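Visitor: Before we start, here is the structure in question, set down as C-alpha cells.
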Amino acid sequence: MARSRYKFINKEQPHFLTCTVVNWISVFGIPNVSQIILDSLQFLQSEKRIKLFAFVIMEHHIHLVAQAENIEKEIKNFKSFTARKIIDYFIETDYKRILKQLSNSKKRYKIDRDYQFWQEASHPEQIINYEMMTQKIDYIHNNPVSSGFVDKDIHWRYSSARNYSELHGVIDVTTEW
C-alpha cells in the first residue's frame, strides 16, 4: 500500500478532512443516512470532543473542517460509529443492493466484518492560517454548487453554508475562528 502524503501533523489544530464511502457508493441521498452523520457530529460537539467549523454532506462523501484535542482519534471513532449505525440501518430496512455493494467493496483483509462503509483515509490537511481556513470553508460550501446540485450554497440542506449566512442550519457550527 502506498504511503499517503496526507497525515495528521499537529493533532490539536483545525484540519480539513474528507470521508468517502467505499467505491463512491451514493448513500447520502437517503435522508435517514445523512441524519446519522448529522446526529453524530452534533453529539461530538455537545460532548466537547470536536469543534466543527464547516461541513458538507454530498452523495458519497463528506468534507469537514474540525478541531479536537486529538482529531485523528475523534475522526476514527466518528467513522467507526457512523459506519456501524448506517450498516445497521441498511440491514434493518433491507437495502440489499447497497449492502451487496458494501460487501463487494470490502477490503479482503478485513475479515472481522461483512461490510466496509468508509474508505480508510480521511486525507487530513492541517489548517495553517486564516487564508487557508477561508479557502477550505469556501470549497466546502461551494461543493454542491460546483457539482450542479444547487445554484447557491445556502440552498444545500446538508451544509454549514447557511450558518455562515446567519441563517438557521441543520446543526450548529463554530463560525468564529
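The values are calculated or read from the model by the stated rules, or taken from the named source; none is laboratory data. None of these values were measured; they are calculated from a predicted model. When we count neighbours, we look across all protein chains shown, and the Cβ atoms used for this are built from the backbone with ideal geometry, even at glycine.
Visitor: Quickly run through segment 111-120 and pick out the residues that are surrounded by 13 or more Cβ atoms within 10 Å (Cβ to Cβ), assigned to a loop (DSSP other than H, G, I, E, B) and within 21 Å of the chain's Cα centre (by Cα). It would help to see each step written out before you state the result.
Guide: Step one: of segment 111-120, the residues surrounded by 13 or more Cβ atoms within 10 Å (Cβ to Cβ) are 113, 115-119.
From the residues that got through so far, the ones that are assigned to a loop (DSSP other than H, G, I, E, B) too are 113, 115-117, 119.
Correct list: 115, 116, 117, 119.
Visitor: From 8, 55, which residue is in contact with a Phe, Trp or Tyr (Cβ under 9 Å, 6 or more places away or on another chain) and either at pLDDT below 95 or not in a loop (DSSP other than H, G, I, E, B) (or both)?
Guide: On the way: 8 fails: in contact with a Phe, Trp or Tyr (Cβ under 9 Å, 6 or more places away or on another chain).
Within the list 8, 55, the selection yields 55.
Visitor: Would you check if there is a residue in segment 81-93 being touching a residue at least 24 places away in the same chain (Cβ under 8 Å), in contact with a strand residue (DSSP E or B) (Cβ under 7 Å, 6 or more places away or on another chain), closer than 30 Å to residue 138 by Cβ and part of a loop (DSSP other than H, G, I, E, B)?
Guide: No, that holds for no residue.
Visitor: Kindly establish whether residue 140 is in contact (Cβ under 8 Å) with a residue 24 or more places away in the chain, in contact with a strand residue (DSSP E or B) (Cβ under 9 Å, 6 or more places away or on another chain) and either surrounded by 20 or more Cβ atoms within 10 Å (Cβ to Cβ) or part of a helix (DSSP H, G or I) (or both).
Guide: Values: in contact (Cβ under 8 Å) with a residue 24 or more places away in the chain: yes; in contact with a strand residue (DSSP E or B) (Cβ under 9 Å, 6 or more places away or on another chain): yes; either surrounded by 20 or more Cβ atoms within 10 Å (Cβ to Cβ) or part of a helix (DSSP H, G or I) (or both): yes.
Spelling it out, residue 140 is indeed in contact (Cβ under 8 Å) with a residue 24 or more places away in the chain, in contact with a strand residue (DSSP E or B) (Cβ under 9 Å, 6 or more places away or on another chain) and either surrounded by 20 or more Cβ atoms within 10 Å (Cβ to Cβ) or part of a helix (DSSP H, G or I) (or both).
Visitor: Only one of 50, 75, 71 is at pLDDT below 95, over 22 Å from residue 103 (Cα atoms), surrounded by 19 or more Cβ atoms within 10 Å (Cβ to Cβ) and not basic (Lys, Arg). Can you tell me which? If you could, list the steps in order and put the result at the bottom.
Guide: Details: 50 fails: at pLDDT below 95; 75 fails: at pLDDT below 95.
The match here is 71.
Visitor: Now for a separate question. Run down 122, 147 and say which single residue is touching a residue at least 40 places away in the same chain (Cβ under 8 Å), of a type in the set (Gly, Ala, Ser) and in contact with a Leu (Cβ under 7 Å, 6 or more places away or on another chain).
Guide: Numbers: 147 fails: in contact with a Leu (Cβ under 7 Å, 6 or more places away or on another chain).
None of the other options fit; the residue is 122.
Visitor: Same structure again: Taking the condition free of Cβ contacts under 8 Å to residues at least 24 places away in the same chain, under 19 Å from the mean Cα position of the chain (by Cα) and surrounded by fewer than 17 Cβ atoms within 10 Å (Cβ to Cβ), does residue 97 pass? Talk me through it step by step, then tell me what you get.
Guide: Details: free of Cβ contacts under 8 Å to residues at least 24 places away in the same chain: yes; under 19 Å from the mean Cα position of the chain (by Cα): no; surrounded by fewer than 17 Cβ atoms within 10 Å (Cβ to Cβ): yes.
For residue 97, the condition - free of Cβ contacts under 8 Å to residues at least 24 places away in the same chain, under 19 Å from the mean Cα position of the chain (by Cα) and surrounded by fewer than 17 Cβ atoms within 10 Å (Cβ to Cβ) - is not met.
Visitor: Within segment 143-164, does at least one residue satisfy the condition of being out of contact with any helix residue (DSSP H, G or I) (no Cβ under 8 Å at 6 or more places or on another chain), more than 23 Å from residue 32 (Cβ to Cβ) and in a helix (DSSP H, G or I)?
Guide: Taking every residue of segment 143-164 in turn, at least one turns out to be out of contact with any helix residue (DSSP H, G or I) (no Cβ under 8 Å at 6 or more places or on another chain), more than 23 Å from residue 32 (Cβ to Cβ) and in a helix (DSSP H, G or I).
To keep it simple, each residue is scored yes or no on (1) closer than 23 Å to residue 165 by Cα; (2) at pLDDT 95 or above; (3) touching a His at 6+ places or on another chain (Cβ under 7 Å).
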| site | (1), (2), (3) |
| --- | --- |
| 20 | no, yes, yes |
| 38 | yes, yes, no |
| 66 | yes, yes, yes |
| 99 | no, yes, no |
